[in-house]
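For reference, the structure is listed below as structure tokens.
Taken together, the values in this text are just the output of simple stated rules run on the coordinates, not laboratory data. Model, not experiment: these values are computed from the prediction. Here the Cβ positions follow ideal geometry from the backbone for every residue, glycine too, while neighbour counts run over all protein chains shown.
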């Protein structure tokens, strides 16, 4: 029996809108552990990383809001994730805003480095999360985690695993993107990042895109990390997210994407981020997110 380890990261410091700090609780209430147990997994819930709220902190740098606490919390998460992988378990990290991925990927990258494994990241998101302090329009760090993982940004974040970059540019694929800032577009072109926008999905279909992305990564890496931002879904499917953007994946497109990941060897670690119960209706978005996780972890129609 495979063991899944849940770790909550109840943070909204990286976001401009309050409420995503309740995401881990919303996902637990939605029954994520029970869904995984129903698939035959043993589930260990490690609880939440302790995070200081913004009411007891000051913003020292408007381009990197709440950097000291985000850096500290991500360092703690990285240590926890490394320990989970070392124990032979599958980490599922529950956010929280997407700055969580700085810590999760740091911990995974450190473990992969020690194991001599090459890390790949599938970034499923409406946004690129590729801002850096010089280009950010808001100073919100949840718009920076992928850039940080690629080695761009504040050294307090980029070097969390003890080295930088955490993942090679060639070993990252983005799916579902439909909202980019000018600085992010430039970085995508400069780094030649492999990206499938919603326009690509509209033209080619989610299955074709998913298979192509997964085959590309499977030919390059030994450990696949999936970072799933629930705002990749259309707001008609999941409106309770930190930064909703119209024109996203439909319910079935998202399930098919997750099912295809499972059919092509699965992932070895997972982030679920940006669920915001304050903006939701009867915890629907967390419930949908939990169902997507189940599909990624092997739930099938037949």
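Tabulated results
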item: Counted residues, the stretch 256-296 - those being in a loop (DSSP other than H, G, I, E, B) and in contact with a strand residue (DSSP E or B) (Cβ under 8 Å, 6 or more places away or on another chain); result: 6
item: Candidates 178, 220 - the one that is more than 25 Å from residue 265 (Cβ to Cβ), surrounded by fewer than 24 Cβ atoms within 10 Å (Cβ to Cβ), in contact with a helix residue (DSSP H, G or I) (Cβ under 6 Å, 6 or more places away or on another chain) and in contact (Cβ under 8 Å) with a residue 60 or more places away in the chain; result: 178
item: Filtered residue count, the stretch 181-207, keeping only those that are surrounded by 17 or more Cβ atoms within 10 Å (Cβ to Cβ) and touching a residue at least 12 places away in the same chain (Cβ under 8 Å); result: 13
item: Failed item in (1) without any contact (Cβ under 8 Å) to a residue 40 or more places away in the chain; (2) assigned to a loop (DSSP other than H, G, I, E, B); (3) out of contact with any strand residue (DSSP E or B) (no Cβ under 9 Å at 6 or more places or on another chain), with residue 299 passing the rest; result: (1)
item: Close pairs from the stretch 140-151: first farther than 13 Å from residue 109 by Cα, partner assigned to a helix (DSSP H, G or I), Cβ under 6 Å, at least 6 apart; result: 141/70; 145/101; 145/102
item: Filtered residue count, the stretch 1-12, keeping only those that are outside any loop (DSSP other than H, G, I, E, B) and in contact with a helix residue (DSSP H, G or I) (Cβ under 8 Å, 6 or more places away or on another chain); result: 6
item: Top-ranked residue in the stretch 35-58 [being surrounded by 13 or more Cβ atoms within 10 Å (Cβ to Cβ) and out of contact with any strand residue (DSSP E or B) (no Cβ under 8 Å at 6 or more places or on another chain); ranked as farthest from residue 298 (Cα to Cα)]; result: 57
item: Of all residues in the stretch 244-255 being over 16 Å from the mean Cα position of the chain (by Cα) and part of a helix (DSSP H, G or I), the one that is surrounded by the fewest Cβ atoms within 10 Å (Cβ to Cβ); result: 252
item: Any pair with Cβ under 7 angstrom, 6 or more apart, that starts in the stretch 20-37 at a residue that is closer than 18 Å to residue 3 by Cα and ends at one that is part of a loop (DSSP other than H, G, I, E, B); result: 36/297
item: Exclusive hit being touching a helix residue (DSSP H, G or I) at 6+ places or on another chain (Cβ under 7 Å) and over 12 Å from residue 126 (Cα atoms), set 225, 159; result: 225
item: Any chance residue 61 is more than 24 Å from residue 167 (Cα to Cα), in a loop (DSSP other than H, G, I, E, B) and over 16 Å from the mean Cα position of the chain (by Cα); result: yes
item: Looking only at the stretch 13-38, and only at residues there that are under 25 Å from residue 82 (Cβ atoms) and part of a loop (DSSP other than H, G, I, E, B), the one that is nearest to the chain's Cα centre (by Cα); result: 14
